[in-house]
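The values are calculated or read from the model by the stated rules, or taken from the named source; none is laboratory data. Nothing here was measured: the structure is a model prediction, and the numbers come from that model. We place every Cβ from the backbone using ideal geometry, glycine too, and count neighbours over all the protein chains shown. We work out accessible area using only protein heavy atoms, side chains counted, and drop any ligands, DNA or RNA first. Shrake-Rupley method; radii C 1.70, N 1.55, O 1.52, S 1.80 Å.
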Amino acid sequence: MKIAVAGTGYVGLVTGVCLAEHGYNVSCVDIDNEKVELMNSGIAPIYEPGLEELMVSNMEKLFFTTNYYDAYRDADVIFIGVGTPEKLDGSADLNYVYSVALQIAESIEKDCVVVIKSTVPIGTNEKVESIIRKNLKKNVNLSVASNPEFLAQGTAVQDTLYPSRIVIGVEEESTGMILKEVYQNFEAPILITNRRSAEMIKYASNDFLALKISFINEIANLCEIIGADIEDVALGMGYDSRIGSKFLNSGIGYGGSCFPKDTKALHWLANFHDYELKTIKATIDVNENQKLKLIKKSRKYFDSLNGLTVAILGLTFKPGTDDLREAPSLVNVPIMLEDGAKIKAWDSAGVNNFKKVFPDEITYCKTIEDTLTDADICFIFTEWEEVKNFNVLNFSKLMKTPIILDGRNCYNLVSVQKSPILYDSIGRETINNLEFSFI
Ligand code: UDX
């Protein structure tokens, strides 16, 4: 079976490499020549644990090219894994998907199955099928299937090699059989459904996880007000297997390439059909507010950050990635700069990307110690291991005023109790061991 994959971002490249690992010959198509050359030399253009190693060990089965015609012409299965970014109105931009559909129509010379892996609004599979059919150059049999991915950044390879489930959305049984064959060596439950349900499974899964995060963040905010501890509350809830303990970490909100985009896209789609998804609207609203939680907390200690040295630990939307998309840091830094703060920042992987947005406004430090030296206040935006393993006693040794606002609850309160610091985290008691008071 010959496989082609359109797009070499997180979805496309990881899919292509994992299918090669399962023995298939895979042609990966991208419009970016530089990226293609890089991949042909064995370098992965994205930072993802295990990806480059797997890519290199399967190089004889992987072909990277900008020539879509060669890749699609005689493929049995073509996966579409291009981006579906958010438009200004919150809906999903399908231009990349549609342009791949046209290229497929121009190129295919034998019967094939086109599989949409990108997260696309409900009904897109039908549109893609009609675009391809209208523009077909050769008389071939074609079917379009939905097969959403559920990979998370940082664990994308593992999530793809060992998926929680394989969802296949088809209109004909024969197409389902072909895809079952593709995935025959994957150990995971396979759910075959119609295309609209498969498209919905992807949105509903992501939006439910985002809802779970916004829910726990609201409970955390209430815990702070009434004197309960969110860590214990989440632990107590998580023992109930109907609730589950995962995705109950409160913090300064979710970011990344999926949750923000997919909540807005589903909300937009429902509105378009005159239906208001109230839970999703609340999820989005809670998250927007939550991202500003630490800035609001800082007002308890300083009425402005003007002239203060602010230390930031963590810039990426989560640890284990260099991705900044929708990261809380991106909305907080401009507010701090407008306030007149002098910012020093550290991140384990995201500094180069952050420099593209803020090249000169911030001092980037190589170590956590340098970042904290002489700082008036510290904001923790990402729970990198380096931050979690940092000895809390060192905050007071290095900072001018050791006020730590922790947006990811990196330290347990018992260890903080013994430190001469002010530690204000999410949904927990504020520990103030400083000898002076604030405004
Ligand atoms: C997510 C989904 O997990 C994945 O299944 C889907 O295919 C794509 O979107 P990803 O965006 O890579 O993956 O990261 P994830 O680990 O899910 O975290 C997303 C955001 O939620 C991060 O900003 C993270 O900090 C936040 N989060 C996650 C919480 O605030 N609390 C939690 O308990 C879990």
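General remarks:
- Within region 95-125, the residues that satisfy the criterion of being open to solvent by 20 Å² or more (accessible area, probe 1.4 Å) and hydrophobic (A, V, I, L, M, F, W, C) are L102, I122.
- Filtered residues of region 407-430 (kept if of a type outside the set (F, W, Y), without any contact (Cβ under 8 Å) to a residue 60 or more places away in the chain and crowded, with 19+ Cβ neighbours inside 10 Å): C410, V416, S419, I421, S425
Yes or no, residue by residue, for (1) within 16 Å of the ligand (Cβ to nearest atom); (2) part of a helix (DSSP H, G or I); (3) among the hydroxyl-bearing types (S, T, Y); (4) out of contact with any helix residue (DSSP H, G or I) (no Cβ under 9 Å at 6 or more places or on another chain):
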{"site": "Y254", "(1), (2), (3), (4)": "yes, no, yes, no"}
{"site": "W268", "(1), (2), (3), (4)": "no, yes, no, yes"}
{"site": "D274", "(1), (2), (3), (4)": "no, no, no, yes"}
{"site": "N332", "(1), (2), (3), (4)": "yes, yes, no, no"}
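- Being surrounded by 22 or more Cβ atoms within 10 Å (Cβ to Cβ) and of a type in the set (S, T, Y) is a property that does not hold for T279.
Conditions tested, residue by residue: (1) acidic (D, E); (2) outside the structural domain of D322 (by TED's automatic domain parsing); (3) within 16 Å of the ligand (Cβ to nearest atom).
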position: I380; (1), (2), (3): no, no, yes
position: E383; (1), (2), (3): yes, no, yes
position: K388; (1), (2), (3): no, no, yes
position: N391; (1), (2), (3): no, no, no
position: F395; (1), (2), (3): no, no, no
position: D406; (1), (2), (3): yes, no, yes
position: N412; (1), (2), (3): no, no, no
position: I421; (1), (2), (3): no, no, no
position: G427; (1), (2), (3): no, no, yes
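- Residues (near the ligand (Cβ under 6 Å from one of its atoms), open to solvent by less than 40 Å² (accessible area, probe 1.4 Å) and either in the same structural domain as F381 (by TED's automatic domain parsing) or at positive phi (or both)) located in region 233-249: none
- Restricting region 301-320 to residues that are open to solvent by less than 30 Å² (accessible area, probe 1.4 Å) and more than 14 Å from W346 (Cα to Cα), the residue that is farthest from the ligand (Cβ to nearest atom): L308
- Residue that is farthest from the chain's Cα centre (by Cα) [pool: residues in region 391-406 that are free of Cβ contacts under 8 Å to residues at least 60 places away in the same chain and in a loop (DSSP other than H, G, I, E, B)]: T401
- Residue match in region 370-382 (condition: under 25 Å from the mean Cα position of the chain (by Cα) and more than 19 Å from R299 (Cα to Cα)): yes
- Subset of region 198-217 that is buried (at least 16 other Cβ atoms within 10 Å of the Cβ) and more than 10 Å from the ligand (Cβ to nearest atom) - its residue that is nearest to R428 (Cα to Cα): F215
- Residue in region 250-257 that is open to solvent by 30 Å² or more (accessible area, probe 1.4 Å) and either modelled with pLDDT of 95 or more or within 30 Å of I403 (Cβ to Cβ) (or both) present: no
- Any chance F354 is within 16 Å of the ligand (Cβ to nearest atom), at pLDDT 95 or above, outside any loop (DSSP other than H, G, I, E, B) and not hydroxyl-bearing (S, T, Y): yes
- Filtered by the rule that a residue be in a helix (DSSP H, G or I) and out of contact with any Asp or Glu (no Cβ under 6 Å at 6 or more places or on another chain), region 292-330 gives K293, L294, I295, K296, S298, P328, S329, L330.
- Any chance E109 is assigned to a loop (DSSP other than H, G, I, E, B), assigned by TED's automatic domain parsing to the domain that holds E129, out of contact with any Cys (no Cβ under 9 Å at 6 or more places or on another chain) and modelled with pLDDT of 95 or more: yes
- Looking only at residues of region 131-171 that are open to solvent by 50 Å² or more (accessible area, probe 1.4 Å) and under 24 Å from Y72 (Cβ atoms), we find that the one that is farthest from the ligand (Cβ to nearest atom) is N139.
Conditions tested, residue by residue: (1) in contact with a Lys or Arg (Cβ under 8 Å, 6 or more places away or on another chain); (2) at pLDDT 95 or above.
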{"position": "A4", "(1), (2)": "no, yes"}
{"position": "Y10", "(1), (2)": "no, no"}
{"position": "T15", "(1), (2)": "yes, yes"}
{"position": "C18", "(1), (2)": "no, yes"}
{"position": "G23", "(1), (2)": "yes, yes"}
{"position": "M39", "(1), (2)": "no, yes"}
{"position": "E48", "(1), (2)": "no, no"}
{"position": "L54", "(1), (2)": "no, yes"}
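- Residues satisfying the stated conditions in region 172-192, i.e. open to solvent by less than 80 Å² (accessible area, probe 1.4 Å), farther than 17 Å from L19 by Cβ and part of a helix (DSSP H, G or I): S174, T175, G176
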